[in-house]
Structures are given as structure tokens and as C-alpha cells.
Amino acid sequence: MAGLAHGALQSNGPSVSVVTLKILPTPWQFAVVGAIFILVIIARLSSCTEYLRGLVQPFVLRRVESGVPVILAIQEYRHWLLDNILGTIATVVSAPFYTVLLPMLFWHGQPKLGRQLTLLLATCIYVGNSFKDTVCAPRPPAPVCRIASIGSEKKGSEEYGLPSSHSINITCFSGYILYYLWGQKVEPDTIFMASIMFTTLVTLVIFGRLYLGMHSPIDIFVGCAIGASLLLVWFNVDCYLDTFIIGGEYVIPFWAAISILGLYAYPIPQSHTPSFEDHTAFSGVAFGIVAGVHRVFPHYHSALAASAVSLTVAHVFTRTALGIVTSIAVKEGSKLLATLVFPSICSALKLLLGFRFHSSYYMKSKRTVLDDVEASKDSTELQALNSNEILNDIESKGRCDEPQVPDRKEAVAGLGASMTWRALKFNPEYESMDVDTGIRFVQYAALAWSVADLVPHIFSLLNL
């Protein structure tokens, strides 16, 4: 099968149009995977991340320092009400918000918008976090007051600064929804009102990053530039990508391959941050959505199936409650299964191929030893060192009454412990692979698969 499996593709307009797009053949897919694989090896062996960091980081550090007066001028108007309003608005582009919104789109008649936003945001997170961990630029230093009033903000403050992920995500999120509404031939007045609403939202989120002391002006500028660039690219590829996901050949193996290679290609930062874990989770979500949609598109995700969805209050409430419970159960069940199965797989790989593994979280919580005592001790000490550095940094910088100026020489030289405990086998400097990466990927892939495949099937069985 070289063309579409289902012969039709939803258009942005109110009607369904037939797309006669020839899917790239399997040899081309092998070429893409092979090219990425070779680039990963070259990047690891040549230490290009460190080279790029050395070129860019000093320039960014100067811009971060020069942006301090701008942030201080904004924070002169600080008020507890603004703290809470802008902190709450920042959650619009946070993981909890996506967790609620994206499944709703799949379950309540907008599956195309749901899958496109999922894949677009997964791309934004990968690109943005890769930039962060390549440049390793600090967030605004003292005397800037960093206001982290909610949990997601406190976790986000552990990441590096440039670029602003919020700026990237809100630009793409708002821009693509407006583009989608325009393609759906929505009334001009509705699009005008939506444009005002999203423009206001983007402005508040961007202003809030400065007001809350979470980002410097250079972070915002670069974030908006990256977001706009990704959005323009997405406008031109979304239809082709949708066509491939719906009816292409070997979609699931191909997407699995590039997802795994994406984990290997991720840059190694100077010190551990949550950025890699966030990317791993969203990469798993993207893979789960692709796998689910590819399998059951004509039944639950086509334009015809979406138009048949009832949007009465009772149906919306029942679908939402049942879907959330089912998805959470699948996520937790897959995590439990992965923690039981992965140790055996890791032991086999260690025995047959000599790979070495460790666990930074999941396996330790179950007191499972995956590597020899010496390697486990070394990786544990490195992780503890990184964790303590981060916690001390957040405790001192996160409070406005005890500011601490970061050492610029340390930032430039990168004295933070390297990611030895999470790195990969391409470089002999790195000792072991973190099995938790696989566990995290599997559980979020299972969660997304249930949203796109299992839950709609349950709805069908119950006539919801």
C-alpha cells in the first residue's frame, strides 16, 4: 500500500475532501532513521553540544545581566493579586492544562485539532528544552525576585532560562487554534473575538514571565522567535503529517524509531534539570497518539465519526469522567508493568551486550538493583550532588528576602556535575543508561494510546 489506507482526509473546511498524496516509501523511512542515527553518533563523538555552548553561552549571559534592570522596573509594581493572576495564567501552557484539554478534544468531536496540537506541542517541548540544555543559561539573577507561587512554576524554575518554553508554547498553541478555526470556515466575528482573546492571553503570559522573574527579555525574544518559526513550518506540514499518520506505511515502527533516537539525540546539560524528563513524557504522549489514531482512525477520529459525537451536558460529563478514570488506570498500570518487566530486559541486555543500567527514581523506590554496586554508588552520588545543588539554588533564589547572586564564572565554565548517570553509550565517558527513561516513555505512551484508542472504544461499547 503506497497511498492512503482510508482514502480520505479531513480538511479544515466543513466538507471532507479526498487527498491523493503518495506516502513516502519504506526505503525513505529507513534513510531518515539512518540519517538521524548517524547525526547522533557524530554529535556524541564530536562534542558539538559543548562547542555550541561555548560559542553562545557568554553572549546570552551578558544579555541576561543587562536585562535585570528591565525586570526590576516591572517588579516595582508588584502586588499579591498580580502574583496570583499571572501565576495562574502561566498554567495555560503547563502539563496539567494539556492533560485536561487535549483528551477533551479527542473525546468531544475535535480529534484532528487534538492530534495536531499534541504533536505540535511535543515538537515545541523538544526544541525548546533542547535549546535550554544546550545553552545552559541561568534565569534572572538577584536582586530579581523569582515568584513561584504554584507547583508547576517551582518545578519550572529548576530548568535553565533560554528560551522561554512558555513563550514558545503559547505562541504555537494560540496561533494554531486560530489557523484551525479559519480553516473550519468559522464566522468572521467569532474569529475576531478569538483573536482578541488569544492575543490577550499571549501578552499576559509573556509579560508574566518577566513580572514573575522567571525569564529575562532575551529568553522571551528567543522563545517567541522559535515559536513563530515552528508555527509557520506547521502551517505547511500539518496536512501531510496527518495524511501519513492516518494511512501511511509502517507508521508505528517509524514513529517509535524516531522517538527513541530523539531521546538519544537530546543534548547533555551541565547540570541535571527536569527538561529531559518533560521531553520524554511528551514524546511518549506523541507516540501513543500516533499509534492510537493510526489504528482506529475510520472508527473514531474521522470527520464522520466526530460529527456523530453528542455534546449534551450528560454525555460530556459521562465521557469525561469515564475517560479520565480509564486513562489514569492505564497509565498507572503500564508504569507498574514496566517496573516489573524492565529489570529483566536490562539484565538480559547487560549479559548479552554489556550495557549497564541504573535507576534514578522508579527502581530505587522498589529497592531494585540493576547494576553492580560500584556503578550504582557512583551514579547515586552524582545524582545526589546535582539534586542538592538544584534544591539549594531554588531555596535561595526562589525567596525574595534572601537573594543570592550566581557565580558567573561557574555558569560559563560549567562546573555543575555532568549528566554521567543519564547519558548514553555512544561516548565511553558515560557509564550507564537510566532505565527510568524507558519506564517514563512507556507509561505516557500508554496514557495517550488510551485517550485515542481504548477510551473511544469503550464509549462505543456503552453507546456514549
Flagged in segment 113-135 as open to solvent by 40 Å² or more (accessible area, probe 1.4 Å) and farther than 23 Å from Ser450 by Cα, in numbering order, are Phe131
Which residues, taken from segment 155-191, are under 18 Å from Leu105 (Cα atoms), aliphatic (A, V, I, L, M) and crowded, with 24+ Cβ neighbours inside 10 Å?
Ile170
Considering only residues that are surrounded by 21 or more Cβ atoms within 10 Å (Cβ to Cβ), assigned to a helix (DSSP H, G or I) and not aliphatic (A, V, I, L, M), which ones fall in segment 212-241?
Asp219, Gly223, Gly227
Those residues that are surrounded by fewer than 20 Cβ atoms within 10 Å (Cβ to Cβ) and part of a helix (DSSP H, G or I), I need them from segment 103-112; list them, please.
Met104, Leu105
Just checking, how many residues over segment 293-312 are in a loop (DSSP other than H, G, I, E, B) and among the hydrophobic types (A, V, I, L, M, F, W, C)?
3
Pairs under 7 Å by beta carbon, first residue in the same structural domain as Asn169 (by the TED database) in segment 217-236, partner open to solvent by 40 Å² or more (accessible area, probe 1.4 Å) and among the β-branched types (Val, Ile, Thr), six or more apart or different chains?
Pro217/Val70; Leu230/Thr123
Could you list, in sequence order, the residues of segment 318-348 that are of a type in the set (A, V, I, L, M), closer than 21 Å to Phe459 by Cα and crowded, with 19+ Cβ neighbours inside 10 Å?
Val330
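The values are calculated or read from the model by the stated rules, or taken from the named source; none is laboratory data. This is a predicted model, so every value here is computed, not measured. Positions of Cβ are generated from backbone atoms using ideal geometry, with glycine treated the same way; all protein chains shown enter the neighbour counts. For accessibility, only protein heavy atoms count, side chains too; no ligands or nucleic acids. Shrake-Rupley method; radii C 1.70, N 1.55, O 1.52, S 1.80 Å.
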